[in-house]
1. Relative to the longest principal axis of the C-alpha atoms of chain B, give the angle of the C-alpha long axis of helix B:10-22, reported between 0 and 90° and rounded to the nearest 10°.
2. Taking the Cα atoms only, what angle lies between the long axis of helix B:152-163 and the longest principal axis of chain B, rounded to 10 degrees?
3. Over chain B, what is the relative contact order in whole percent, taking alpha-carbon pairs under 8 Å and six or more residues apart?
4. If you line up the long axis of helix B:189-201 against the longest principal axis of chain B, both from Cα atoms, how many degrees apart are they, to the nearest 10?
5. Compute the relative contact order of the stretch A:251-332 as a whole-number percentage, counting only Cα pairs closer than 8 Å that sit 6 or more residues apart in sequence.
6. Over all residues in B:74-83, what is the mean tally of Cβ atoms on other chains that come within 10 Å of each residue's Cβ?
7. May I ask you to derive the FRET efficiency for residue A:374 and residue A:18 from their Cβ-Cβ distance with R0 = 60 Å, giving the value to the nearest 0.05?
8. Is there a simple number for the mean count of other chain Cβ atoms within 10 Å of the Cβ of residues in B:100-107, and what is it?
């Protein structure tokens, strides 16, 4: 029942069953009403016919028995020839072409039956319920269980003629006259209709269920296909979920899924590159340690040789330490999890201090430093994080720019945004694809020497990106025209200059 | 045996050079791919230990250039790259062996020795010359079952002669294989070394195995069998 198709099938089948049932009941009720109306109409017509026949008969019988004779009119179950019998004959004759089981009863004002037809086989007929108007159609159940349709009329309505039905000759003048007709035919027709409706309903339901099953199967096929493709979707090798034609309802879902899978694939690739890079970075110093110690222990080194080996061991350990420290600060989010320490400071002073910090390294490579800070702008930001970002951008530029070139720093603040851009001449062989990888952990265009100390393990720009995010901004890198027909490397930071977006809980970017 | 180590990590390079020298190899070193290629093309090496991620010229590039120059010197790639694709790329580029950092130095030395043996068409770890048995892996020599006490340099000389059993090895070849660029052997150092080796191998009463071919060089073998 967990299947969408099965659920829909059950729900729709039940709904169809209910609809068919309701339709059947409606048809049945309408048919019943129609049959009742038809029977009632016949009763009405029969009553009029009976009145006419009775009056005619009464007129013909007048000479033989003077109307109003007490002997003739007393009693209600008299011998043949009594008024009841006469009425019976008259009414039976009047109804003979209409219905079987016709009978009548007449009731006095107090509800006592003053006349009753013999066709009722001695069963009492209850007086009709009080009713307004000329007539009342209602159902009667005789004591033998037979059902009769009854038409009750006030004698006044049928006694418009001089001697209606001749009943006015009774000793106790009847107030109500009830004409009864068997409803068995109608009951039979209704039973047939019920059977027909049941059969037709069941057949319809079975056929509709089959069709529904087929329609659901075909209609939901795209969903099944989609589900299969989604299940087979694999960030490593799977084909896109959205490949091929999909219904309009599913296309956005597939598109979104593919987008997520693409992101997941990229994240997995980044994670793998990161892990691979970490493993690679760790292998070399570990190899140094192992080889150095094995060689030192395996040989017959003198004190100077052993000291030289220890110096190398110390260097390898420092290298390992710098990698581990960088990884720890990256993974623990130690710096990023702290509350931002917002300070307001002059942008010009901040940039000047950053430039001063890299000046010795720049001088060693013959690199000139040029600054361009807009006006007397002030910035409110976390100076520690901002310094980390700017120092990283600057030190990388100074380290990798071609010797004896210029590294320029431009900074501005306005409209709530701080922008710092560092530009240097493009190192030989650096391609646009390389620039896109600047912020990957441990990435380097050329191998770093394993003697590199802290800050040279290839995580600087990676961390800068994390700090920039914590400052509510981002860092970028691209190749741009240098204005002299060549290309320059530009790295930059865009962040909030008001501290408004400095995130307390900013996480390090995914590796 | 003379080995070239091309490794950009100074510390690892120093350890490799020292460790291989301990095991009797003559070792030269290069710190980048360009210098490594130049030395590999110019020198006479029995094996090259080559890092992949090198400044100036990538290790794979060095290897390809080497093979293009018809240099069939055995090359062992020693790298931190452990991916299958890296191994495949390295071996397809012409490497004879591939070892991932970190490594056990003994394993590295054994692999280098195996490469050197293969270069001389030897697969067995021992070479038997008459009643002299030279164990190239254990780096021992036995004459009539008795262990011959040899220094690392003396064993390296014996190893070279044994691998070229019956063939004359010139002084120049001996110098090229046994001495690295830092050594500056004097003119008679080869003769002196052979003389010392002969004294230890051809002890009194034993059939001489170390022979001199005047003006050509030296050879190891049983006279008359060659």
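Every number in this text was worked out from the coordinates using simple rules, so none of it is lab data. Note that the structure is predicted; figures quoted are calculated from it, not measured. Quick reminder, even Gly has a Cβ in these numbers, built from the backbone with ideal geometry, and neighbours come from all protein chains shown.
1. 20 degrees
2. Result, in degrees: 80.
3. This gives 17 percent for chain B.
4. Compared with the principal axis, the helix lies near 60 degrees.
5. 32 percent
6. Mean inter-chain Cβ contacts per residue within 10 Å come to 3.
7. So the FRET efficiency works out to roughly 0.20.
8. Partner Cβ neighbours, averaged per residue: 5.
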